[in-house]
Each structure stands twice: as structure tokens, then as C-alpha cells.
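The values are calculated or read from the model by the stated rules, or taken from the named source; none is laboratory data. This one's a predicted model, so the numbers in the text were calculated from it and none came from an experiment. Cβ atoms come from the backbone with ideal geometry, glycine included; neighbour counts cover every protein chain shown.
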Amino acid sequence: MTVTLIKPSSLLPKGIQTQRINNLTLFKFTEELGQRMQELLDKKKANTLDSEEIVELEAIAELDNIFSYINAVIAAQANADL
């Protein structure tokens, strides 16, 4: 069985939005992508993920890590400017 890699960047057009919080514009998942991630995490916990879902969860998790980092940098820069 061949599993196609999912590039995290392929999730950007429909899965990411910006939100204004305390004068900062931060990145976050859309409700749809957040729900999909939760579904996959629940299946992982139940040990019922198939190989394609494993790859999808890894791509979403990588994107989550990237945006968490970017948001932390944005917040740190804003605090440094105060």
C-alpha cells in the first residue's frame, strides 16, 4: 500500500485563519481543520488510525508546531516593543 505524503502547506488555503487578539494578529486553525485534528487524535488514542490518517495527522501537527512558533515570536516581539 502506497501512502501519499501530505505537505503541511497544502492545508493552508482552507485550514488557516488569522485572529486579532490584544492588538496582535495571530494564526489559528479554522474550525474545520481543528475538528479534523481532534478526530484524528481521538482515533490515535483508540489505536484506529489507518496509514493515510497517520500521515494526515503528522502534517496537521507539523503545521500546528509552525504556527505555534510564529505566534510565540509575534507575541514576544510585541512585548519587547512595549
- Heads up, the helices (runs of 4 or more DSSP H) in the chain (entirely inside) with at least 1 residues that are of a type in the set (A, V, I, L, M) and modelled with pLDDT under 95 are 12-15, 51-80
- Take the residues in region 46-56 that are of a type in the set (D, E, K, R) and touching a Lys or Arg at 6+ places or on another chain (Cβ under 9 Å), then tell me which one is surrounded by the most Cβ atoms within 10 Å (Cβ to Cβ). GLU56
- Please identify the pairs in which a residue from region 24-45 that is surrounded by 16 or more Cβ atoms within 10 Å (Cβ to Cβ) has its Cβ atom under 6 Å from the Cβ atom of a residue that is aromatic (Phe, Trp, Tyr) and not in a strand (DSSP E or B), counting only partners at least 6 apart or on another chain. PHE27/PHE67
